[in-house]
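Student: Structure in structure tokens, see below.
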There are 2 protein chains.
Amino acid sequence: MKRRDFIQKTSIASLAAGTTLATPSIAKANTQFKWKMVTAWPKNFPGLGTNANLLAKMITEMSGGRIKVKVYGAKELVPAFEVFDAVSKGTAEMGHSGAYYWKGKSEATQFFSAVPFGLTAQEMNAWLYYGGGMELWRELYKPFGIIPAATGNSGVQMAGWFNREINNINDLKGLKMRIPGLGGEVLRRAGGTTVNIPGGELFTSLQSGALDATEWVGPYNDLAFGFYKVAKYYYYPGWHEPGSTMEALINEKAFNELPKDLQACVLTACKAANMDMISEYTARNNQALNTLINKHKVKVLPLPDDVLRKLKQLSDEVVLELANKDPMSKKIYDSVSQFRTQVIQWGDISELAFLKARSL
Amino acid sequence: MKRRDFIQKTSIASLAAGTTLATPSIAKANTQFKWKMVTAWPKNFPGLGTNANLLAKMITEMSGGRIKVKVYGAKELVPAFEVFDAVSKGTAEMGHSGAYYWKGKSEATQFFSAVPFGLTAQEMNAWLYYGGGMELWRELYKPFGIIPAATGNSGVQMAGWFNREINNINDLKGLKMRIPGLGGEVLRRAGGTTVNIPGGELFTSLQSGALDATEWVGPYNDLAFGFYKVAKYYYYPGWHEPGSTMEALINEKAFNELPKDLQACVLTACKAANMDMISEYTARNNQALNTLINKHKVKVLPLPDDVLRKLKQLSDEVVLELANKDPMSKKIYDSVSQFRTQVIQWGDISELAFLKARSL
């Protein structure tokens, strides 16, 4: 064993154990932790996988290597849709995913990822950190032995890629579209058909006609997938995902074994990563949008107001039904919908009024 | 000296100094640092002073107390407008302020706080973290021995409190208003007079008629000052400060003396604090707005489009003149204005389009 290895593997406290000065808190403070972070994304996937990497890096660096966090892409250790269970069981100490993947555990998880006509990134974080959202999220995951944290946001997404023009609500009838979650339920009520196809197969499905349309994320991720080659129209805005939150999952038992300073490092890193992702998407989306418009001559079109009005009406119904599925869903719905009412009032005279003024 | 005190004040490495295992890196890793953070705000001032407190707390907690950061309100150690010099000289290791206060050092500082008709909070952070802004900011402060970091954002502010209605641009002629910075220059070009009055005297100045109008921040801070008692009209949007960034100043020499893990703690804490402040303002502004409207019956009015168009035209002139003051200002202007053009294009089909759709 090399001397450096010995120093790394031996806590400083144990070196001093012969003196009267060693205390349990110092022993704990110098213990080495090796954590695994399983993710719902392909390794290094832009925006999402890279955010998991950043989060792991920040924790490792701030802890001076006392926690080493190793990131696993989807399927490397567990498949994407088993991330929650892996963290719950302690197979991995951390996870990085989106809460709507776990609606099989509880319908209410969907409130912590994306709600059609819901909150924007900025509003969502305001609700989580200052509107009681975080407390409710912790309560929801508590029975699973998981501590959640917000670790990123994609911002307003795009409505998606379509092979036909959408001029009125009837154009959605019979449309075969990949659109998951609550947005998918809204499309079904508008007469469309939702198809569940993994990201990697969307391109060929659009090409073959198995799909008429797909939503994905926004220009940054969509450009990389090359959808502009197989779909004519790129619609906005992303009514179904106005501010999709990504989550860090932390195994509660592993967290409780950390000394307080490392606990603070883990949670603070999540908050910093949360700031980072929305910044990355905001910057990269606009670069990618330029490439799509100027280089690939993509037709970027707005969904007509009448279509949006109808989708909003259907969304309200779908979200209200979700609220009534169980008491926890109702409790979260009541909190977020009260917050939403107020934040829209403020948003109308701040963000919206300013953005309108700037575009006059 | 109590045993705990002895342990706190003595580095672990020095305890082990008699052994062959002590190394410089361990010695450095266990050194105690006592840092002072001077601020441009009254102690505990909501949103701003509380963010300084949070930042200090996060650094102290994540470091396990190896850096203890003590926060000083304005005037406690140095006056508000000497924060920059205090950090530059090393009187304090950190500062918490707004970059536009330092235009006497360099006109270009103003690009890192608030620019009329400039970037929103989300866009500003995108430019800083992913658009080259942070690198330029570091370059700007380098000659002063200061490392800057974004540590918060107030979001879109309000246009301010007025004792008369603003129906057209001529209503701004002769208006005596407290509005600092670039926004103030715009008002002067619109025929108004700017008056420089400290925050604490604004209420009585409005009451006595020494002022016709004042901008401050937004509902959260404005409600606390009671302006609703002495001004009839509350105008929006805050065209002059659409996303005011707050800064952490770090003395470069003090930073370089930290081991790498603590350096990471300091910078990551700033990024997390940056996420926290905009969340706090977004949540609290909407609560306060409700109180202003429903309890105090405040008339909340939009500035007419024609007035906004004229203010925007004047703002473009003012900002362009700033760009031409020196090569560094030009370099920063070129970066931010190119980013702005693209981000507006993306914002028009994402945030703006979604907010409009939600309000249909």
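The values are calculated or read from the model by the stated rules, or taken from the named source; none is laboratory data. Model, not experiment: these values are computed from the prediction. Every residue, glycine among them, receives a Cβ derived from its backbone with ideal geometry; neighbour counts consider all protein chains shown.
Student: Run down A:Val343, A:Val298, A:Val336 and say which single residue is within 20 Å of A:Ala159 (Cβ to Cβ), touching a residue at least 40 places away in the same chain (Cβ under 8 Å) and of a type in the set (A, V, I, L, M, F, W, C).
Tutor: Just one listed residue meets the conditions, A:Val298.
Student: I would also like to ask the following. Please specify each residue of segment A:247-267 satisfying the condition of being under 25 Å from A:Ala126 (Cα atoms) and without any contact (Cβ under 8 Å) to a residue 24 or more places away in the chain.
Tutor: Within segment A:247-267, A:Gln263, A:Ala264 meet the criteria.
Student: With the requirement that a residue be in a helix (DSSP H, G or I), within 14 Å of chain B (Cβ to nearest Cβ) and hydroxyl-bearing (Ser, Thr, Tyr), what does segment A:209-238 give you?
Tutor: If the condition is that a residue be in a helix (DSSP H, G or I), within 14 Å of chain B (Cβ to nearest Cβ) and hydroxyl-bearing (Ser, Thr, Tyr), then A:Tyr220 is the only one that fits.
Student: So, in segment B:214-268, of the ones that are of a type in the set (Asp, Glu) and surrounded by 24 or more Cβ atoms within 10 Å (Cβ to Cβ), which residue ends up nearest to B:Phe84 (Cα to Cα)?
Tutor: Ranking the qualifying residues of segment B:214-268, first place goes to B:Glu247.
Student: Residues A:Ala80, A:Ala108: which one is crowded, with 19+ Cβ neighbours inside 10 Å and aliphatic (A, V, I, L, M)?
Tutor: Every option except A:Ala108 fails the conditions.
Student: Another one. Which of the residues belonging to segment B:244-277 are of a type outside the set (Ser, Thr, Tyr), more than 9 Å from chain A (Cβ to nearest Cβ) and not in a helix (DSSP H, G or I)?
Tutor: B:Met246, B:Glu247, B:Ala248, B:Leu249, B:Ile250, B:Asn251, B:Leu258 - these are the residues of segment B:244-277 that are of a type outside the set (Ser, Thr, Tyr), more than 9 Å from chain A (Cβ to nearest Cβ) and not in a helix (DSSP H, G or I).
Student: For segment B:232-251, which positions are at pLDDT 95 or above and more than 24 Å from B:Asn153 (Cβ to Cβ)?
Tutor: Correct list: B:Tyr233 only.
Student: Can you tell me which of (1) without any contact (Cβ under 8 Å) to a residue 24 or more places away in the chain; (2) more than 7 Å from chain B (Cβ to nearest Cβ) is the one A:Asn290 doesn't meet?
Tutor: The single condition A:Asn290 does not satisfy is (2).
Student: Same structure again: For a quick check of your reading: which strands (runs of 3 or more DSSP E) sit entirely within segment A:1-109 and have at least 2 residues that are at pLDDT below 95, touching a helix residue (DSSP H, G or I) at 6+ places or on another chain (Cβ under 6 Å) and more than 28 Å from A:Ala150 (Cβ to Cβ)? Before you say what the answer is, go through the steps one by one.
Tutor: On the way: elements: A:33-39, A:67-72, A:94-97.
It comes to none.
Student: Would you call B:Asp171 closer than 23 Å to B:Asn285 by Cα, part of a helix (DSSP H, G or I) and of a type in the set (D, E, K, R)?
Tutor: When the stated conditions are applied, B:Asp171 does not pass them.
Student: Determine, yes or no, whether A:Thr282 is within 28 Å of A:Asn163 (Cα to Cα), more than 7 Å from chain B (Cβ to nearest Cβ) and polar (S, T, N, Q).
Tutor: no
Student: Still on this structure: Output the number of residues of segment A:303-330 satisfying the condition of being in a helix (DSSP H, G or I), more than 17 Å from A:Leu119 (Cβ to Cβ) and either of a type in the set (Lys, Arg) or away from every other protein chain (no Cβ under 11 Å) (or both).
Tutor: Result for segment A:303-330: 8.
Student: I've got another one for you. Which condition number in (1) assigned to a helix (DSSP H, G or I); (2) more than 7 Å from chain B (Cβ to nearest Cβ); (3) not small (Gly, Ala, Ser) is the one that A:Lys297 fails?
Tutor: With respect to (1) assigned to a helix (DSSP H, G or I); (2) more than 7 Å from chain B (Cβ to nearest Cβ); (3) not small (Gly, Ala, Ser), A:Lys297 is out only on (1).
Student: For the condition in a helix (DSSP H, G or I) and under 21 Å from A:Ala353 (Cα atoms), what is the one hit in B:Leu182, B:Leu206?
Tutor: Going through B:Leu182, B:Leu206 in turn, the sole match is B:Leu182.
Student: Consider B:Ala272 against the criteria (1) within 21 Å of B:Gly64 (Cβ to Cβ); (2) within 14 Å of the chain's Cα centre (by Cα): it satisfies all of them except one. Which criterion is unmet?
Tutor: If we test B:Ala272 against (1) within 21 Å of B:Gly64 (Cβ to Cβ); (2) within 14 Å of the chain's Cα centre (by Cα), just (2) comes out false.
Condition check ((1) under 22 Å from B:Ser279 (Cα atoms); (2) away from every other protein chain (no Cβ under 14 Å); (3) of a type in the set (S, T, N, Q)) across all residues:
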{"residue": "B:Leu54", "(1), (2), (3)": "yes, no, no"}
{"residue": "B:Lys57", "(1), (2), (3)": "yes, no, no"}
{"residue": "B:Ile67", "(1), (2), (3)": "no, no, no"}
{"residue": "B:Val71", "(1), (2), (3)": "yes, yes, no"}
{"residue": "B:Glu76", "(1), (2), (3)": "no, yes, no"}
{"residue": "B:Met94", "(1), (2), (3)": "no, yes, no"}
{"residue": "B:Phe112", "(1), (2), (3)": "yes, yes, no"}
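Student: Right, next: Filter segment B:331-341 for residues that are closer than 25 Å to A:Ala353 by Cβ and crowded, with 18+ Cβ neighbours inside 10 Å; which is nearest to the other protein chains (Cβ to nearest Cβ)? Break it down stepwise before answering.
Tutor: So the first thing to find is which residues in segment B:331-341 are closer than 25 Å to A:Ala353 by Cβ, and the list is B:336-337, B:339-341.
This time we only want the ones that are crowded, with 18+ Cβ neighbours inside 10 Å, so: B:336, B:339-340.
Values: B:Val336: 12, B:Phe339: 8, B:Arg340: 9 Å.
This residue is B:Phe339.
Student: Could you check segment A:138-148 and list, in sequence order, the residues that are without any contact (Cβ under 8 Å) to a residue 40 or more places away in the chain and within 21 Å of A:Ala273 (Cα to Cα)?
Tutor: A:Arg138
Student: When the residues of segment B:48-65 are narrowed to those that are surrounded by 22 or more Cβ atoms within 10 Å (Cβ to Cβ) and in contact (Cβ under 8 Å) with a residue 40 or more places away in the chain, which ends up farthest from B:Ala264 (Cα to Cα)?
Tutor: Of everything passing the filter in segment B:48-65, B:Leu48 is farthest from B:Ala264 (Cα to Cα).
Let's see how each residue does on (1) charged (D, E, K, R); (2) more than 30 Å from A:Ser208 (Cβ to Cβ):
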position	(1), (2)
A:Ala74	no, no
A:Glu82	yes, no
A:Thr91	no, yes
A:Met94	no, yes
A:Lys105	yes, yes
A:Phe112	no, yes
A:Ala126	no, yes
A:Asn163	no, no
A:Arg178	yes, no
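Student: Turning to a different aspect of this structure: Which one of the conditions (1) in contact with a helix residue (DSSP H, G or I) (Cβ under 8 Å, 6 or more places away or on another chain); (2) within 8 Å of chain B (Cβ to nearest Cβ) does A:Phe354 fail to meet, given that it meets all the rest?
Tutor: Single failed check for A:Phe354: (1).
Student: Okay, moving on. Could you tell me whether segment A:130-149 includes any residue that is more than 30 Å from A:Val87 (Cα to Cα) and in contact with a helix residue (DSSP H, G or I) (Cβ under 9 Å, 6 or more places away or on another chain)?
Tutor: Taking segment A:130-149 and keeping what is more than 30 Å from A:Val87 (Cα to Cα), we get none.
Within segment A:130-149 (the criterion being more than 30 Å from A:Val87 (Cα to Cα) and in contact with a helix residue (DSSP H, G or I) (Cβ under 9 Å, 6 or more places away or on another chain)), the answer is no, since none of the residues qualifies.
Student: Select, from B:Lys68, B:Lys57, B:Lys105, B:Lys75, the only residue that is under 18 Å from B:Gly199 (Cβ atoms) and of a type in the set (Lys, Arg).
Tutor: Of B:Lys68, B:Lys57, B:Lys105, B:Lys75, the one residue that is under 18 Å from B:Gly199 (Cβ atoms) and of a type in the set (Lys, Arg) is B:Lys75.
Student: Looking at A:Thr151 and the list (1) among the hydroxyl-bearing types (Ser, Thr, Tyr); (2) within 14 Å of chain B (Cβ to nearest Cβ); (3) in a helix (DSSP H, G or I), which single condition is not satisfied?
Tutor: So the condition that A:Thr151 fails would be (3).
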